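To keep things clear, I will list the structure first and then write my remarks on it.
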Amino acid sequence: MGSSVDFIYWLDRDMSHKILMCLDDPSDLVRISCVSRSWRHFVIGNGLCKQLCLRMFPQLSRASCVAELNKSGAKEPEVGSSSSMEWQALEKDHRVYAYLARACTSFGIVGCIGETIGASSTDNFPEESIDNTLEARDIINGRASYWSSKGQRNPGVPETLTYKLVCPICVIMEISVHPFEAFFQPGNPIYSAKSVRIKMGHPNPSLDASADGKYVWTYISPEFPMAQENELQKFKLPEPVLCIGGILQIELLGRIQRQEMDNLFYICVSHVKVVGRPLSPAFGIEIREPSSGTFVLKCDQLAKCPTQPAFSNEVQAISPDYVQRRLRDFQQIVTMLRENVVQVVEEYDWDEEDEVDDFEEAYAL
């Protein structure tokens, strides 16, 4: 015990680096940096927390720098002391990336869709708009709720559904899509796609951007085959993805089902769900160069972040059509309640003695 050896002193830098990078839990790196001054210097000086985050989320390679918000008690570097300024920059990176690594694995898992942006095509607007995909129910007020593409003779024509997430930076783990079964058509056909692909990125602020270049995609998933079944189908990403910019697009590739009425191919979706960890307000981004996707990663460790689900994927749409549907639902509920109350009042023969006896028995219990 008395002759214990610090391996960082005895091993060369590369070997020590390989040993410590075998750790995959950010909490372990933070604990190691608290063991001794030499270990702390090694962890911070070699940017191990940043390297761990880059290994977890390659999308962070586009972060040009980090910025701390509401940071109190920071010491100003000495004038002309380049080594002091460099060390403070390394310490800042260590704090931000250590907190980010913990946030990406511990913040609450919730539905991450904030609102709809648009669909590549819509057959009947607004009755069959993309807004319907935020509602988990297939039928609302006796009417089918779903999005439908326009019909195509070519089954290879793709479609896209684009959404804005609840915040500009989220960890996304899985996406679920529910193909629509047309129960009002002969044979109950299911208008699913052959496969889906997920894109994530941020808006392109360039004024001369074409329709195809409206967004800069920083992540594109592999294709996931979709079953022609009336159920919510989950597509788990190979690894959790850090969505930088808060835009998510679902590509629906290939058409399977023709509509008997016009003999055209359609894709219809009743519900879409995106599951992940929102990182705001603890973290934010500032896009520096949209074409390359470089950004500044902002961190506010004083911000209060929810550990329990604070967002619901089912009630995020804010379009007028969505509000009108909710209002109709509410009016229908109120009408039903009124009818039931009137029926109870008319049918029940009120007896004051019975009422007094019930009251006394309740309080006697």
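The values are calculated or read from the model by the stated rules, or taken from the named source; none is laboratory data. What you see is a predicted model, and the numbers here were worked out from it, not measured in a lab. Cβ atoms come from the backbone with ideal geometry, glycine included; neighbour counts cover every protein chain shown.
Values computed for the structure shown
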item	result
Hits in segment 20-41 (condition: surrounded by 12 or more Cβ atoms within 10 Å (Cβ to Cβ) and hydrophobic (A, V, I, L, M, F, W, C))	LEU20, MET21, LEU23, LEU29, VAL30, ILE32, VAL35, TRP39
Pick from segment 128-166, criterion at pLDDT below 95 and hydrophobic (A, V, I, L, M, F, W, C), ranking: farthest from GLU229 (Cα to Cα)	ILE140
Qualifying residues in segment 196-227 (those that are surrounded by 18 or more Cβ atoms within 10 Å (Cβ to Cβ), of a type in the set (S, T, N, Q) and in a loop (DSSP other than H, G, I, E, B)) - the one modelled with the lowest pLDDT	ASN204
Selected residue (only one of ALA310, ALA303 is among the hydrophobic types (A, V, I, L, M, F, W, C) and either modelled with pLDDT of 65 or more or in a strand (DSSP E or B) (or both))	ALA303
Strands (runs of 3 or more DSSP E) wholly inside segment 243-299 containing at least 2 residues that are in contact (Cβ under 8 Å) with a residue 12 or more places away in the chain, in the same structural domain as SER121 (by TED's automatic domain parsing) and under 22 Å from ASP138 (Cβ atoms)	247-255, 268-278
